[in-house]
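The values are calculated or read from the model by the stated rules, or taken from the named source; none is laboratory data. These numbers were taken from a predicted model, which means no experiment stands behind them. Quick reminder, even Gly has a Cβ in these numbers, built from the backbone with ideal geometry, and neighbours come from all protein chains shown. Keep in mind that these areas ignore ligands, DNA and RNA; they rest on the heavy atoms of the full protein, side chains included. Shrake-Rupley method; radii C 1.70, N 1.55, O 1.52, S 1.80 Å.
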Amino acid sequence: ILGGREARPHLRPHMASLQLDGEHICGGFLIAEQWVLSAAHCTEETDGKLFQVLLGAHSLTEPEPHKRLYRVRAQIPHPGSNVYNNEDDLLLLQLEEKAELNEHVQVLPFQREQRDVAAGTVCEVAGWGTVTHSGRRPDRLQQVERPVLSRDECNHRTRHDHSITPNMMCTDSRKRDTCKGDSGGPLVCNGVAEAVVTAGSRVCGNYKKPGIYTRIAPYAAWIDRVMGALSG
Ligand SMILES: NCc1cccc(Nc2n[nH]c3ncnc(Nc4cccc(O)c4)c23)c1
């Protein structure tokens, strides 16, 4: 997160850190006791290895009550996700066991209504992604508030030039923005997860390249189908 600040500890008990060999790779969030939602592009450099999922954390390194690393039983990228574009950039992770819910570990409801979030709505995004252009990684969860940018504005040829589909949404990226390692985290508007961070052009903090997110409502049926099929 560029231009944000340290989050209030444990105010986002749904936040997950997707890790490989103890290293934070991407964000994610708990959508059910045994399921985390993230971004499919996060598996691009994992070369088939399964993530481990850290829940209940504020600091990535310090011991904290209720902080726990979970193994993953299955990782299911959306069938439409691919390395060439940002479409269908969602990843479902089934934990080896149900997460133990408490004040630091909670499920976050996601938006199921198909209506766009109104442009100008101020939403928030949190993550352990890089906090400087030189790539400094924070130990503690960062957060930033960002106003939603209309799809038409975002699709302007000097911005994302008509690559933003109805299944995506944008936020203003002037100075304050998501960056490397924030992919997979939730964009939360009025307490509801509306979308998931996608890297898009990978540019951070440049107002010409607004932050891009995969809206969740269009994928509610897919999410329910996968969770239902793999339950038990
Ligand atoms: N703001 C959109 C967004 C959301 C999520 C991730 C991303 N960026 C990135 N995702 N993956 C990446 N691998 C390498 N470099 C990257 N961005 C980068 C790194 C240093 C300086 C800088 O200005 C940009 C990214 C960008």
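Taking the conditions exactly as written (surrounded by fewer than 24 Cβ atoms within 10 Å (Cβ to Cβ), without any contact (Cβ under 8 Å) to a residue 40 or more places away in the chain, under 26 Å from ALA220 (Cα atoms) and touching a Leu at 6+ places or on another chain (Cβ under 8 Å)), does ASP152 satisfy them or not?
Against the criterion (surrounded by fewer than 24 Cβ atoms within 10 Å (Cβ to Cβ), without any contact (Cβ under 8 Å) to a residue 40 or more places away in the chain, under 26 Å from ALA220 (Cα atoms) and touching a Leu at 6+ places or on another chain (Cβ under 8 Å)), ASP152 does not qualify.
Which residue pairs have Cβ atoms closer than 7 Å, lie 6 or more positions apart in sequence or on different chains, and pair a first residue in the range 67-88 that is free of Cβ contacts under 8 Å to residues at least 12 places away in the same chain with a second residue that is of a type outside the set (A, V, I, L, M, F, W, C) and not in a strand (DSSP E or B)?
From the range 67-88, the pairs are GLY80/GLU87; GLY80/ASP88.
Quickly run through the range 206-231 and pick out the residues that are open to solvent by 20 Å² or more (accessible area, probe 1.4 Å) and either among the small types (Gly, Ala, Ser) or under 12 Å from the mean Cα position of the chain (by Cα) (or both).
ALA221, GLY228, ALA229, SER231
Just the residues that are small (Gly, Ala, Ser) and surrounded by fewer than 15 Cβ atoms within 10 Å (Cβ to Cβ), please, taken from the range 116-144.
ALA118, GLY120, SER134, GLY135
Select, from VAL36, VAL107, the only residue that is in contact with a Leu (Cβ under 6 Å, 6 or more places away or on another chain), in contact (Cβ under 8 Å) with a residue 24 or more places away in the chain and either open to solvent by less than 10 Å² (accessible area, probe 1.4 Å) or among the polar types (S, T, N, Q) (or both).
Answer to the selection: VAL36.
Being more than 9 Å from the ligand (Cβ to nearest atom), open to solvent by 10 Å² or more (accessible area, probe 1.4 Å), of a type outside the set (Lys, Arg) and modelled with pLDDT of 95 or more, is that true of even one residue in the range 173-186?
Scanning the range 173-186 turns up no residue that is more than 9 Å from the ligand (Cβ to nearest atom), open to solvent by 10 Å² or more (accessible area, probe 1.4 Å), of a type outside the set (Lys, Arg) and modelled with pLDDT of 95 or more.
Only one of ALA126, ALA74 is within 20 Å of ALA229 (Cα to Cα) and out of contact with any Ser or Thr (no Cβ under 9 Å at 6 or more places or on another chain). Can you tell me which?
ALA74
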